[in-house]
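This report concerns only the one structure given below.
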Amino acid sequence: MNENAVEGRNVVIEAFRSGKTVDKLYIQDGLKDYAISTILREAKKHGTYVNFVSKDRLDGMSETGKHQGVVAIVAAYEYASVEDILEKARQNGEPPFIFILDGIEDPHNLGAIIRTANLCGAHGVIIPKHRAVGLTAAVARASAGAINYTPVAKVTNINKTMKELKDAGMWFVCADMGGEKMYNIDLTGSIGLIIGNEGDGVSEGVKKNCDFIASIPMKGDIDSLNASVACGVLAYEIVRQRIAKGAKYEK
C-alpha cells in the first residue's frame, strides 16, 4: 500500500474537490456508475492520469479492503509551476539552471536528484505527469529536506515545455553514453539538464530536442551510472563551468 494512497469513491472525490494534487488514479476496469463518472470528470478537469486495472490489482493496493473500485495516489507536497522556477532564477539574478527528468520512476532517485538540485544551485526540477514518480513521502525523505526549498513542477508534455523554454533562451543538454565528453561542451548560460528513465534513458523525442548530448567519462566494467548519480556528476560539471565564469557558490 502506497502511504500516499486514498481509497473509496467519496474519499477520492473529496480529495479532488479539496484541492489536493492527485498524481495517479486507479479505477477498476468495467465500472460505470454516477460516482465513477464524477471521479473521471474530476480527473479530466485536473489533468490526472487514469489507470484502468483489475479488481485483483486494486485489492493488492488496498489497505482497508474497501476501495470500492477506486484508489488515488495523492502528492505529499504541492507542485510549483515552471514560471515559479524561472522567477526564482530572476530573483537570484542568475541564468536559469533547471533539471528536467524524462520518466524517473524510483522515488529514491527523484529524492536524491531534488537534493542535488538544491545543493548545486539549480532553480528547480521539472517532471512529467505520466509514467513517472510524483512527490511522495518517500521522495521527500530521500531529498533530506531539499523538497522544502526546491520547486518541482509537473508538466503534461516535456517536449512542449522544452520548446517554450528554448523560445525563452534556454539550451538543453542530456546525458547519453554516445555523446560528446561533458568537459568539451560549453554548459554555461541558461541551461536545462535532462536525465532519462532508469532503464531506457532519455526518450528519442526528448533527445532530438536537446542542443547537446553529453557523456560522462567511464572506465569500469559495467555500462552506466545510476540516474541520480549521473545527474550529480553532470550538474557539478555545470557548476564548475559557472564558477570558472565568475559565478559565486558560497553559502
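The values are calculated or read from the model by the stated rules, or taken from the named source; none is laboratory data. What you see is a predicted model; the values in this text were computed from it and never measured. Reconstructed Cβ throughout: ideal geometry from the backbone, glycine too, with neighbour counts over all protein chains shown. The accessibility values were calculated without ligands, DNA or RNA, using every heavy atom of the protein model including side chains. Shrake-Rupley method; radii C 1.70, N 1.55, O 1.52, S 1.80 Å.
Quick notes on this structure:
- Of all residues in segment 233-243, those satisfying the criterion of being within 15 Å of PRO95 (Cβ to Cβ) and in contact (Cβ under 8 Å) with a residue 40 or more places away in the chain are ALA235, ILE238, VAL239, GLN241, ARG242.
- Candidate set from segment 190-227 (those that are over 20 Å from ILE104 (Cα atoms) and either in a strand (DSSP E or B) or open to solvent by less than 70 Å² (accessible area, probe 1.4 Å) (or both)); member that is modelled with the lowest pLDDT: GLY220
- Selection count where residues are open to solvent by 20 Å² or more (accessible area, probe 1.4 Å), under 13 Å from TYR79 (Cβ atoms) and in contact with a Gly (Cβ under 6 Å, 6 or more places away or on another chain), scope segment 139-155: 1
- Leading residue by the ranking (nearest to ALA153 (Cα to Cα)) among those in segment 104-131 that are open to solvent by less than 10 Å² (accessible area, probe 1.4 Å) and assigned to a loop (DSSP other than H, G, I, E, B): HIS123
- Residues of segment 35-58 classified as basic (Lys, Arg) and under 14 Å from THR21 (Cα atoms), total: 2
- Any hit, segment 171-183, residues being β-branched (Val, Ile, Thr) and farther than 15 Å from ALA122 by Cβ: no
- Scanning segment 173-189 for residues that are under 16 Å from SER228 (Cα atoms) and either charged (D, E, K, R) or surrounded by 15 or more Cβ atoms within 10 Å (Cβ to Cβ) (or both) yields a total of 4.
- Scope segment 8-29; condition of a type outside the set (D, E, K, R), farther than 18 Å from THR64 by Cα and either open to solvent by less than 30 Å² (accessible area, probe 1.4 Å) or in the same structural domain as LEU135 (by the TED database) (or both); matching residues: PHE16, VAL22
- For segment 189-202, the count of residues that are in contact with a Pro (Cβ under 6 Å, 6 or more places away or on another chain), closer than 22 Å to ILE127 by Cα and in the same structural domain as LEU86 (by the TED database) is at least one.
- Pick from segment 81-103, criterion open to solvent by less than 30 Å² (accessible area, probe 1.4 Å) and not in a helix (DSSP H, G or I), ranking: modelled with the lowest pLDDT: GLY103
- Residue satisfying condition, being at pLDDT 95 or above, over 18 Å from the mean Cα position of the chain (by Cα) and over 30 Å from GLY192 (Cβ atoms), within set ILE13, ILE27: ILE27
- Segment 156-172, residues that are surrounded by fewer than 17 Cβ atoms within 10 Å (Cβ to Cβ), within 14 Å of the chain's Cα centre (by Cα) and touching a residue at least 60 places away in the same chain (Cβ under 8 Å): THR156
- Tallying residues that are within 16 Å of the chain's Cα centre (by Cα) and closer than 20 Å to ALA35 by Cβ within segment 53-99 yields 2.
- Here ILE238 qualifies as assigned to a helix (DSSP H, G or I) and either under 27 Å from VAL139 (Cβ atoms) or not assigned by the TED database to the domain that holds ILE113 (or both).
- Only one entry of LYS88, LYS66, LYS32, LYS55 meets the criterion of being in the same structural domain as ALA117 (by the TED database) and basic (Lys, Arg), and that entry is LYS88.
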